[in-house]
Amino acid sequence: MEVYLVGGAVRDALLGREVRERDYVVVGATAAELLAQGFRPVGRDFPVFLHPQTQAEYALARRERKTGPGYHGFVTDFSPDITLEEDLLRRDLTVNAIAQRADGTLIDPHGGQADLAARTLRHVSPAFSEDPVRVLRVARFAARFAPLGFTVHESTRALMRRMVDDGEVAALVPERVWQETERALSESRPQVFFEVLRDCGALAVIFPEIDRLFGVPQPPQYHPEIDTGVHVLMCLARAAALDAPSTVRFAMLAHDLGKGVTPREEWPRHVMHESRGLPLVDALCARLKVPNGHRELARLCCKQHTNVHRALQLRPETVLKLLEECDAFRRPERFSELLLACQCDAQGRTGLEESPYPQREFLETARAAASGAQLTGAELAGLGGPAIATRMRQLRLAAITALARGPAASPRQE
């Protein structure tokens, strides 16, 4: 039995990055032998075991043969006679196909170290094309390592395009698409994930609602970048720069989906794009089985972002109505995320990345002031149920009315 450290741990150590997880490949062993040593099996699709002390993952060396479309269309062999080189050959990228012995010696049969130095993401072999998940993984790695100057090798980009043309990407299961997407959203350059998918044609297959935004113009006086797709990715980049949670980052992808279905004769204006976008948000979330928290904020942002942008121009009654429609009193944390998302939308525009967004502070202050309105014990004793709600609304409106309006309204934003 021989054990090698493989994959991301070796890659990240060579890049000088923190190593968070260590995965090992075991050559010349069987599942029974690992079980006899106290390893615990956890793999569903192939034998993976947890070390009895460290809980690190140990996988038996394997070779695979493609038998059908999609992620599960493989026959896998875990025979103890499989070599390390055979196991490394079926990995996705050369930078992930470097192994390390216990003494620190590196085994690098596919030039992974050279590609690390060249800041290149390149596939190991033509077998890359057999697994459509690898298209998503390459895009995610591109998003992660973009700050270090990594780009996808042209040969790999061409292979990914052929995979899309051959229908492999269409066979991806929703759960795996969302898993990779959510991880990509948390990377430092999440917009790169979608740029890589668009380059190979996968965006149109997996995220058609987002893909159709590219080439759709917006009024240049509000959107110097003009292109709606470019704007959405700029919003996503701004969300990452502000260290926004993944719910806010997903909302940036979804907030302007309605502009993709605006009739051409109405361009570059997009009247009612908020209501037109809601069914598209619902369809995207249902198809990919997006978690409720992400879906709810995406819908709220799609529906209300233009109202939030106009907050400094609204009458107190309309501000209160906006707070009520956003459920801001019962769910203040989600409302804060909405305001952060709207700030990212306002700043996701060419030349406006650092522009002030006073609407966020104003609405947070208005919510806090209205939430602080309380009925006295005497008032509660003298009022019935519906009357209590009416009186509370009056007090909240008075609190909002009493607020100083602060800075003048910023330029209109759509």
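The values are calculated or read from the model by the stated rules, or taken from the named source; none is laboratory data. As the structure is a prediction and not an experimental result, all values here were calculated from the model. Here Cβ is always computed from backbone atoms with ideal geometry, including for glycine, and neighbour counts include all displayed protein chains.
Of all positions in the range 84-92, at least one carries a residue that is closer than 19 Å to ALA143 by Cα and under 31 Å from the mean Cα position of the chain (by Cα).
Residues in the range 228-248 that are under 22 Å from ARG310 (Cα atoms) and more than 15 Å from the chain's Cα centre (by Cα): THR228, HIS231.
Of all the numbered requirements in (1) outside any helix (DSSP H, G or I); (2) of a type outside the set (A, V, I, L, M, F, W, C); (3) within 21 Å of GLU180 (Cβ to Cβ), SER129 misses one, and that requirement is (1). If the condition is being over 18 Å from LEU93 (Cβ atoms) and part of a helix (DSSP H, G or I), then the range 165-174 contributes ASP165, ALA170, ALA171, PRO174. Within the set LEU233, LEU297, LEU284, the sole residue that is under 25 Å from PHE362 (Cβ atoms) and either assigned to a helix (DSSP H, G or I) or among the acidic types (Asp, Glu) (or both) turns out to be LEU297. Determine if the range 120-134 includes at least one residue that is under 21 Å from GLU18 (Cα atoms) and not hydrophobic (A, V, I, L, M, F, W, C). Yes - at least one qualifying residue is present in the range 120-134. The condition (being out of contact with any strand residue (DSSP E or B) (no Cβ under 8 Å at 6 or more places or on another chain), crowded, with 19+ Cβ neighbours inside 10 Å and of a type in the set (D, E, K, R)) is satisfied by just one residue among GLU187, GLU175, GLU154: GLU187. Residues in the range 5-38 that are touching a residue at least 60 places away in the same chain (Cβ under 8 Å), in contact with a helix residue (DSSP H, G or I) (Cβ under 6 Å, 6 or more places away or on another chain) and either part of a strand (DSSP E or B) or not aliphatic (A, V, I, L, M) (or both): GLY7, ARG11, VAL25, VAL27.
The number of residues in the range 303-319 being buried (at least 22 other Cβ atoms within 10 Å of the Cβ) and farther than 16 Å from GLN343 by Cβ comes to 1. Filtered by the rule that a residue be more than 18 Å from GLY277 (Cα to Cα), in contact (Cβ under 8 Å) with a residue 60 or more places away in the chain and touching a helix residue (DSSP H, G or I) at 6+ places or on another chain (Cβ under 8 Å), the range 216-251 gives HIS223, GLU225, MET234, ALA237, ARG238, ALA239, LEU242, ALA244, PRO245, SER246.
Residues of the range 83-105 that are in a loop (DSSP other than H, G, I, E, B), surrounded by 18 or more Cβ atoms within 10 Å (Cβ to Cβ) and modelled with pLDDT under 95: ARG90, ARG91.
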